[in-house]
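Asker: Below is the structure I would like to discuss, written out as structure tokens.
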């Protein structure tokens, strides 16, 4: 299969959910899986995938509750559930392609956390990992509060979501403007592309985001610094980390989040916020391809 301008849509099942992934080609090349962040979707990787699919067989996953993947009523949307889904996709791809070679992973934000933890849990299955601001919240974040606070906060947040309707936008321009509010670095073209692939049309002509609003709150379980650091310490492959110097997230080497990863390198990117692969695409691709080409 040769490279394509547009990916092919496929679905697979994990945990009784129907989940979507996009296949960019190219058959016979090493497998690469791209994992997006929270409240995002797989088509945010289009520019990255188009470039990398000349050397890799690139797939992009829609996480459960995101993009065109099924929502998970009653689920917590924990990191463990997302790792389960990624593991299922890896098995599907390996079985379909009749291969046993380790794969390449690239993840952003929540997708970076999922990819990094997967790499620590299954180190024999990953050749190299690229994680964009994907090491989880800093140690001072509320997600590490005592259990009494975490549990109560989650219950209260879920109850609030149950009592309100998902926000909609009267037209495409309104939704695009909201996208650009979230990331002022985005060009009009990129913002419109992300919005078109990230929304559904309502019957009255308005648009609503595809992601499940119940995926918004941090789950009350699954974020434990000691557990995360233990899993990170099991990673055996080289890891490339990206940090946007204009991001709300702090430098992961300064607060110790990157320390347990033995073989890692951090690229600090000026002129970029949390979405490094959008804000500085050329730099991201150059650094990533150089890293992937290293022995």
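The values are calculated or read from the model by the stated rules, or taken from the named source; none is laboratory data. Source: prediction; values computed, not measured. Reconstructed Cβ throughout: ideal geometry from the backbone, glycine too, with neighbour counts over all protein chains shown.
Asker: Would you please name the residue that is nearest to the chain's Cα centre (by Cα), looking only at residues in region 170-205 that are free of Cβ contacts under 8 Å to residues at least 24 places away in the same chain, closer than 18 Å to residue 69 by Cα and surrounded by fewer than 17 Cβ atoms within 10 Å (Cβ to Cβ)?
Answerer: Filtering region 170-205 for residues that are free of Cβ contacts under 8 Å to residues at least 24 places away in the same chain, closer than 18 Å to residue 69 by Cα and surrounded by fewer than 17 Cβ atoms within 10 Å (Cβ to Cβ), the one nearest to the chain's Cα centre (by Cα) comes out as 200.
Asker: Right, here's the next one. If you go through region 1-31 one residue at a time, how many are part of a loop (DSSP other than H, G, I, E, B), touching a strand residue (DSSP E or B) at 6+ places or on another chain (Cβ under 9 Å) and at pLDDT 95 or above?
Answerer: Counting residues in region 1-31 that are part of a loop (DSSP other than H, G, I, E, B), touching a strand residue (DSSP E or B) at 6+ places or on another chain (Cβ under 9 Å) and at pLDDT 95 or above gives 4.
Asker: Could you list all residues from region 272-293 that are touching a helix residue (DSSP H, G or I) at 6+ places or on another chain (Cβ under 9 Å), within 18 Å of residue 247 (Cβ to Cβ), surrounded by fewer than 21 Cβ atoms within 10 Å (Cβ to Cβ) and touching a residue at least 60 places away in the same chain (Cβ under 8 Å)?
Answerer: Result: 273, 281.
Asker: Out of 55, 23, I need the residue that is crowded, with 19+ Cβ neighbours inside 10 Å and either over 18 Å from the mean Cα position of the chain (by Cα) or without any contact (Cβ under 8 Å) to a residue 60 or more places away in the chain (or both). Which one? If you could, list the steps in order and put the result at the bottom.
Answerer: Working: 55 fails: crowded, with 19+ Cβ neighbours inside 10 Å.
Matching residue, one of 55, 23: 23.
Asker: Right, next: Only one of 71, 66 is surrounded by fewer than 19 Cβ atoms within 10 Å (Cβ to Cβ), within 18 Å of the chain's Cα centre (by Cα) and either in a loop (DSSP other than H, G, I, E, B) or at pLDDT below 95 (or both); which?
Answerer: 71
Asker: When the residues of region 93-113 are narrowed to those that are touching a residue at least 40 places away in the same chain (Cβ under 8 Å) and over 12 Å from residue 33 (Cα atoms), which ends up surrounded by the fewest Cβ atoms within 10 Å (Cβ to Cβ)? Walk me through how you get there before you give the answer.
Answerer: Taking region 93-113 and keeping what is touching a residue at least 40 places away in the same chain (Cβ under 8 Å), we get 93-94, 97, 99, 101-112.
Filter once more, keeping what is over 12 Å from residue 33 (Cα atoms): 97, 99, 101, 109-110.
Numbers: 97: 13, 99: 14, 101: 11, 109: 23, 110: 23.
Out of the qualifying residues, it is 101.
Asker: Let me ask something additional. Can you list residue pairs whose Cβ atoms sit under 6 Å apart, with the first residue in region 225-244 being in contact (Cβ under 8 Å) with a residue 24 or more places away in the chain and the second being surrounded by 17 or more Cβ atoms within 10 Å (Cβ to Cβ) and assigned to a helix (DSSP H, G or I)? Count only pairs 6 or more apart in sequence or on different chains.
Answerer: Close Cβ pairs satisfying both conditions: 231/117; 231/120; 232/120; 234/120; 235/119; 235/120; 242/276; 244/276.
Asker: Okay, moving on. Look at region 121-131 and say how many of its residues are surrounded by fewer than 23 Cβ atoms within 10 Å (Cβ to Cβ), in contact with a strand residue (DSSP E or B) (Cβ under 9 Å, 6 or more places away or on another chain) and touching a residue at least 60 places away in the same chain (Cβ under 8 Å). Reasoning before the result, please.
Answerer: Kept after step one, since they are surrounded by fewer than 23 Cβ atoms within 10 Å (Cβ to Cβ), are these residues of region 121-131: 121-125, 127-128.
Those still in the list that are in contact with a strand residue (DSSP E or B) (Cβ under 9 Å, 6 or more places away or on another chain) too: 125, 127-128.
Remaining after also requiring touching a residue at least 60 places away in the same chain (Cβ under 8 Å): 127-128.
The total comes to 2.
Asker: If you don't mind, there's one more thing I want to ask. State whether the residues of region 45-57 include one that is in a loop (DSSP other than H, G, I, E, B) and out of contact with any strand residue (DSSP E or B) (no Cβ under 9 Å at 6 or more places or on another chain).
Answerer: Yes.
Asker: So which pairs qualify, if the first residue must be in region 137-159 and on the phi > 0 side of the Ramachandran plot and surrounded by 12 or more Cβ atoms within 10 Å (Cβ to Cβ), the second must be assigned to a helix (DSSP H, G or I) and modelled with pLDDT of 95 or more, the Cβ gap must be under 6 Å, and the two must be at least 6 apart or on different chains?
Answerer: none
Asker: Would you pick out the residues in region 149-184 that are under 21 Å from residue 46 (Cβ atoms), in a loop (DSSP other than H, G, I, E, B) and in contact with a strand residue (DSSP E or B) (Cβ under 9 Å, 6 or more places away or on another chain)?
Answerer: If the condition is that a residue be under 21 Å from residue 46 (Cβ atoms), in a loop (DSSP other than H, G, I, E, B) and in contact with a strand residue (DSSP E or B) (Cβ under 9 Å, 6 or more places away or on another chain), then no residue fits.
Asker: If you don't mind, there's one more thing I want to ask. Any idea which of 214, 291, 242 is assigned to a helix (DSSP H, G or I) and touching a strand residue (DSSP E or B) at 6+ places or on another chain (Cβ under 8 Å)?
Answerer: Only one candidate passes the filter, namely 291.
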